[in-house]
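Here the structure is laid out as structure tokens; the discussion comes afterwards.
The values are calculated or read from the model by the stated rules, or taken from the named source; none is laboratory data. None of these values were measured; they are calculated from a predicted model. Cβ atoms come from the backbone with ideal geometry, glycine included; neighbour counts cover every protein chain shown.
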Amino acid sequence: MQLQPYGVWLAAASLIGILLFAVQSGKQGFKKETVSWMAVTAIPLSVLFSRLLYCLCRLPWFLEQGPVWFFHFTDGGFMMFGAFAGILLSAWLTAKITGQSFARMLDALSVPALVTYGVGRIADLIAGQGYGWPIDDWFSVDAFDPEEYTGMSFFHLEDASFFEGLPFSVEDAYYGNYRWAVALFIGAAALVFAFVLWRMRTRRDGSRAIMTTAVLCALTVLMESMRQDDLMRWGVVRVSQILSAVVLAALLVICQLRMQRPVKKSVIIVEWISLLLSMGLVMVAEFMLEKKIVFLDFVPMDGCYLLMIIACVWLVLSVRTAWKKQDA
Amino acid sequence: MSVHRSRKPEPTGLCIETRTEPTGMAENTLVRLMQWNLHDIIRLYIDQMEGCAYRMKANVIRYVITCLMLLAMAFLISSPALAETEFTHSFEGPDAAEAPLVPLTLEAAEVQPLDLDHLVKGKQLKLEHLNADNTEYSDSSIHAVVTHDVVQFKDKKGKQKLNCYIVRVTIADPTQLRSAMSYDDYDNTKRVKAAEMAKAANAVAAVNGDFFKYFHDSGYIVRQGTFYRDKSNGQRDVLLIDSNGDFHVVYRADSDSIQKAVDALPEGVTLINSFNLGPVLIENGEVKDISQSAVALAKKGGDQFQYPYRMQRVAIVQLGKLQYAIVECNGKADASSGMSVQVFAEYIKDLFPDAQIAYNLDGGGSTNVIFPKNAKGKIKFERIHKNPDSREISDIIYFASTEE
């Protein structure tokens, strides 16, 4: 048995998360045993749930391999949303055991969870995963030269070597080209948002956790579409994007249930329409990227991602409207 | 009167024990408190200490468990992409059961050695020595078996299922291991189908060589004992085959290192063939780290042979004294399937853990492994696996029969 760089990185990320939670917990006056209960339950639950979700998403394969495959951690993978479900359950258990507020605990967990996710995501690069399109596809094709135009990019650089290295790109050993280091982008975005969240003023219990989850889902939708590695798909659709959509819908329901003042039905309907439209726009952008919409083939990749970014911001805003009201 | 007990933590983490009673009992409580003696106070103090110690101990235990779990993560959660390659075989062939495959045996027999001259070919093959499945050829001088392996494994790009072919050969005399070049002429640059060359040479089994005619400005070329050129540049591993049929390798060979290796041959042993491609995959049972090999250190492009790509691969292996194997893996020219050179080396190791030398030959479209076939009562030479993008080549390594 030997140390696995991937596992070491994830363990380090988890340790950072635990330490941050200890700091948050101290600041917010949680009981002393909160941190130890959280740590001792979150690690196994997040590992097991992330594996469980992975097995469920690959159910036919899992059934073919047999139940023991669940514990073959070196074969297959883990799903981030499963890990979050594990942490959620762990927070609930800790809240019950220590007799504290579950919502407050989730709020205190928001920053540590984001930091753990941000740092942990970078481990994908160790695994040779988490990369995106070749940078040449973006820069070395002249969109305005009819002979070269392939519908890929608005930009053209004679020399893209500036981007050929961390933190922008990683070398794909198989083809010798350079690909966007998407895992690093996801990690950086999560860390930046963790910082913003840390500076955000305290709102109603649970609000911070809801906004964290919403942003994380939108970030996943955007970044997963940039990934070109061995991520899990159902057909052409990335599984994480579907899970993100489901979680966002659940968040909207939670926000609407938490509203303290009565809200008109029409408002609720508008919120749902907004969410569904933004999801629809994500799908359109995704199919445009995959070149599945023939009459939109001319849109360069930059254009598709611009549309995707707009759609993701809209996703967050859809939830945020309800989120603000439930705080009012 | 019932008394309810509860523990409440102080902000400092220490605990105090309080006694509460139903409302309306305050008077009774006061009376009871007044009745407390020293024993009660000591008892309360001990209870407090025990409670705190218990809590502290439980906290410490939980932290220890957390640390152990983090440690376990570091050992157990390996990236799937970094997981050690494991091969699942599904063999088809005359004596193939499971890996590792064993080298073939040959009953000791006196055979007439073949002349070294490159114009001298093997003896005519006979149909009666070929089995019904066209997977085994056996006479008094040679025993060759083809094994088909549907191998499943996982590399950095994910899982794969590939067709691989292994030809194990045992010969009675080292002169049966030979090379041939297109048109039997070093200067003729025309390329020929490998099957044509194998047919002309009466090969029991043949494999493409190193395509030495592709460039005339590199490599150390000796064929059938004749020296042709020395333009080795230190960028490739060279395979030397001596007159005993033994393999020797020179890493990143240049003129000096090759000469040293030739000089080091035992007395009376001469160099018969040399091949310039590589890299060396296995030496004395040890898989080589291809990322540190000649191909990886070579300039990007030609001399790297697309070593990290998934491609068709082919290698020649010495298993023991006059025991050899040719290993071929299927793949596609667009690198969507096949093996990287490293995975190929590990695959060969999985097949033959005790392989003495395994040497990578020219893969991709040059991959050709030829074995005779009974085609309506006539011997026909065909590629075992028909890669769709196969090209004509300039040389083969082959095993010949000496039986008249």
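Some notes on this structure:
- Among the criteria (1) among the aliphatic types (A, V, I, L, M); (2) out of contact with any Leu (no Cβ under 6 Å at 6 or more places or on another chain); (3) surrounded by 24 or more Cβ atoms within 10 Å (Cβ to Cβ), the one residue B:345 does not fulfil is (2).
- Residue in region B:246-260 that is in contact with a helix residue (DSSP H, G or I) (Cβ under 9 Å, 6 or more places away or on another chain) and closer than 29 Å to residue B:131 by Cα present: yes
- Test: residue A:43 is over 20 Å from residue B:75 (Cβ atoms) and assigned to a helix (DSSP H, G or I): no
- Qualifying residue in region B:175-182 (condition: more than 24 Å from residue B:392 (Cα to Cα), surrounded by 19 or more Cβ atoms within 10 Å (Cβ to Cβ) and either not polar (S, T, N, Q) or not assigned by TED's automatic domain parsing to the domain that holds residue B:367 (or both)): no
- Condition met for residue A:260 (polar (S, T, N, Q), over 20 Å from the mean Cα position of the chain (by Cα) and at pLDDT below 85): yes
- Screening region A:2-29 for residues that are in contact with a helix residue (DSSP H, G or I) (Cβ under 7 Å, 6 or more places away or on another chain) and not in a helix (DSSP H, G or I) and picking the one that is farthest from the other protein chains (Cβ to nearest Cβ) gives A:28.
- Condition met for residue A:322 (of a type in the set (A, V, I, L, M, F, W, C), crowded, with 16+ Cβ neighbours inside 10 Å, in contact with a helix residue (DSSP H, G or I) (Cβ under 8 Å, 6 or more places away or on another chain) and more than 25 Å from residue A:239 (Cβ to Cβ)): yes
- If only residues of region A:22-40 that are farther than 13 Å from residue A:94 by Cα and in contact (Cβ under 8 Å) with a residue 60 or more places away in the chain are counted, the one that is surrounded by the most Cβ atoms within 10 Å (Cβ to Cβ) is A:24.
- Qualifying residue in region B:328-338 (condition: buried (at least 24 other Cβ atoms within 10 Å of the Cβ), part of a loop (DSSP other than H, G, I, E, B) and in contact with a Phe, Trp or Tyr (Cβ under 8 Å, 6 or more places away or on another chain)): yes
- Tally of residues being surrounded by fewer than 17 Cβ atoms within 10 Å (Cβ to Cβ) and among the acidic types (Asp, Glu) across region B:115-141: 4
- The listed residues are A:121, A:104, and the only one of them that is modelled with pLDDT under 95 and farther than 18 Å from residue A:204 by Cα turns out to be A:121.
- When region A:53-85 is filtered for residues that are buried (at least 18 other Cβ atoms within 10 Å of the Cβ) and in a helix (DSSP H, G or I), the ones remaining, listed by number, are A:53, A:54, A:55, A:57, A:80, A:81, A:82, A:83, A:84, A:85.
- Options A:91, A:42: the member that is within 13 Å of chain B (Cβ to nearest Cβ), closer than 26 Å to residue A:195 by Cβ and of a type outside the set (Ser, Thr, Tyr): A:42
- Of everything in region A:228-241 that is under 15 Å from residue A:282 (Cβ atoms) and out of contact with any strand residue (DSSP E or B) (no Cβ under 7 Å at 6 or more places or on another chain), the residue that is farthest from the other protein chains (Cβ to nearest Cβ) is A:241.
- Within region B:222-247, tally of residues that are on the phi > 0 side of the Ramachandran plot and in contact with a strand residue (DSSP E or B) (Cβ under 7 Å, 6 or more places away or on another chain): 3
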